[in-house]
Amino acid sequence: MSSISILGFALEATAPIKSAMVKSIFGIGPQIAKKVCAECGISGSTKVEELRETQILELTKHLSKMKIDKLLRDEINANIGRKIEIKSYEGLRHKEGLPVHGQNTRSNAQIAKKLNRFPRYYT
């Protein structure tokens with residue numbers, strides 16, 4: 001399976017550009033991928049290997065303006081850290097590794113106890 005690199009992200013060459021961005025780049029979902037493709041003048045169903053050099057440059061320009069991957073992860077961690085620092089209810093729940101958004105803890109909090117330990121995002 002070959003891939004094409006855009007901004008250091010390996011996009012699968014045979015996949016449509018929209019789904020390749022969603023799979024490969026943290027912070028880009030289906031709606032944002034559709035919007036970026038529209039702004040660049042690229043059809044979402046165009047395969048990555050079929051992109052012209054000018055389209056790749058336009059796509060790179062748009063993606064470089066966005067908060068994606070490392071920048072987004074750092075911002076999320078900073079927000080969680082700030083909540084812990086000011087000792088808000090959400091921050092305390094993060095610190096204790098419990099569900100943050102009001103879910104029950106009597107029986108089904110196992111996943112939250114695994115995921116909500118701060119710092120959460122290390123890659």
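Details
- Under the convention that each Lys and Arg Cβ holds +1 and each Asp and Glu Cβ holds -1, the size of the dipole of the chain around its Cα centre is about 680 debye.
- Angle in degrees between helix 53-65 and the longest Cα principal axis of the chain, rounded to the nearest 10: 20
- Equivalent-ellipsoid semi-axes for segment 31-123 (Cα gyration tensor, √(5λ), whole Å, largest first): 39, 16, 11.
- Tilt relative to the chain, helix 30-40 - C-alpha long axis, 0 to 90 degrees, to 10: 40
- Beyond 26 Å in Cα-Cα separation lie the following of the pairs 18/83; 61/114; 18/61; 65/95; 18/95: 18/83; 61/114; 65/95; 18/95.
- Volume of the convex hull of segment 1-76 (Cα atoms only), normalised per residue: 81 Å³.
- Magnitude of the charge dipole for segment 70-115, about its Cα centre and with charges confined to Cβ atoms of Lys, Arg (+1) and Asp, Glu (-1), is about 140 debye.
- Of the trypsin sites (Lys or Arg not before Pro) found in segment 22-82, those in coil by DSSP whose Cβ has at most 10 other Cβ atoms within 10 Å are 52.
- Principal-axis tilt of helix 70-85 within the chain, Cα atoms, nearest 10 degrees: 10
- Taking amide hydrogens as placed 1.01 Å from N in the peptide plane, the amide H of residue 3 sits under 5 Å from those of 13, each at least 5 positions away in sequence or on another chain.
- Along its principal axes, segment 70-115 has C-alpha extents of 35, 23, 13 angstrom, given from the largest down.
Throughout, read-outs are computed from the coordinates displayed, never taken from laboratory work. Predicted model, so just to flag it, every value in this text is computed and none were measured. A quick note on method: Cβ atoms are made from the backbone with ideal geometry, for glycine too, and the neighbour counts reach across all protein chains shown.
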